[in-house]
Amino acid sequence: MAGIAGFFTRKEPAEENQVPFWSNPERAGWLMKQGEYIKTWRRRWFVLKQGRLFWFKESTITQYSRPRGVILVSGCLTVKGAEDVLNRQHAFELSTNKETMYFIADSDKEKEDWINSIGRSIVRHSRSITETEVLDY
């Protein structure tokens, strides 16, 4: 069974390289996330840009920076608080239909700002019904 990072960090090299994550992000800041294999909490710099949530070890990002991972938010279904799940303040989760990834912000305001930003990005970048598609009720 593939781990959560297997889904969330799927690379799309051609598209990833076209996203200028180093300039004018929709949101950027420090969050804690669990490591993929060793489940310790690590502080990472996150950048939300054009439907992708990138993370880095350092906050100084240039066009030559290499992301440690990327989440395609169009594949995500929910983003919501998760203090009760993790028993930690300022925690939130990002979920697909198969897996969930947890984050911890520095404050409640930061947590709410991230949830709102990611939520808007999910709506904006999710596949929507077009005029040519037929809905089957």
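The values are calculated or read from the model by the stated rules, or taken from the named source; none is laboratory data. Quick caveat: nothing in here was measured; it's all calculated off a predicted structure. Here Cβ is always computed from backbone atoms with ideal geometry, including for glycine, and neighbour counts include all displayed protein chains. Remember, those area values only see protein heavy atoms, side chains included, never the ligands or the DNA or RNA. Shrake-Rupley method; radii C 1.70, N 1.55, O 1.52, S 1.80 Å.
With respect to (1) free of Cβ contacts under 8 Å to residues at least 12 places away in the same chain; (2) of a type in the set (Phe, Trp, Tyr); (3) outside any loop (DSSP other than H, G, I, E, B), the lone exception for residue 54 is condition (1).
Return yes when residue 22 is at pLDDT 90 or above, among the hydrophobic types (A, V, I, L, M, F, W, C) and either surrounded by fewer than 16 Cβ atoms within 10 Å (Cβ to Cβ) or assigned to a loop (DSSP other than H, G, I, E, B) (or both) and no when it is not.
Details: at pLDDT 90 or above: yes; among the hydrophobic types (A, V, I, L, M, F, W, C): yes; either surrounded by fewer than 16 Cβ atoms within 10 Å (Cβ to Cβ) or assigned to a loop (DSSP other than H, G, I, E, B) (or both): yes.
In short, yes.
Remark: pairs (first residue in the range 16-45, touching a residue at least 40 places away in the same chain (Cβ under 8 Å); second residue part of a loop (DSSP other than H, G, I, E, B) and open to solvent by less than 50 Å² (accessible area, probe 1.4 Å); Cβ separation under 6 Å; 6+ apart in sequence or on different chains) = 22/61; 31/105.
Considering only residues that are open to solvent by 20 Å² or more (accessible area, probe 1.4 Å), in a strand (DSSP E or B) and of a type in the set (Val, Ile, Thr), which ones fall in the range 84-107? Once the filter is applied, which keeps residues that are open to solvent by 20 Å² or more (accessible area, probe 1.4 Å), in a strand (DSSP E or B) and of a type in the set (Val, Ile, Thr), the range 84-107 yields only 100.
Output the residues belonging to the range 114-126 that are in contact with a strand residue (DSSP E or B) (Cβ under 7 Å, 6 or more places away or on another chain) and either loosely packed, with under 14 Cβ neighbours inside 10 Å or of a type in the set (D, E, K, R) (or both). Matches in the range 114-126: none. If you filter the range 25-79 down to residues that are open to solvent by 80 Å² or more (accessible area, probe 1.4 Å) and hydroxyl-bearing (Ser, Thr, Tyr), you find that the one that is farthest from the chain's Cα centre (by Cα) is 64.
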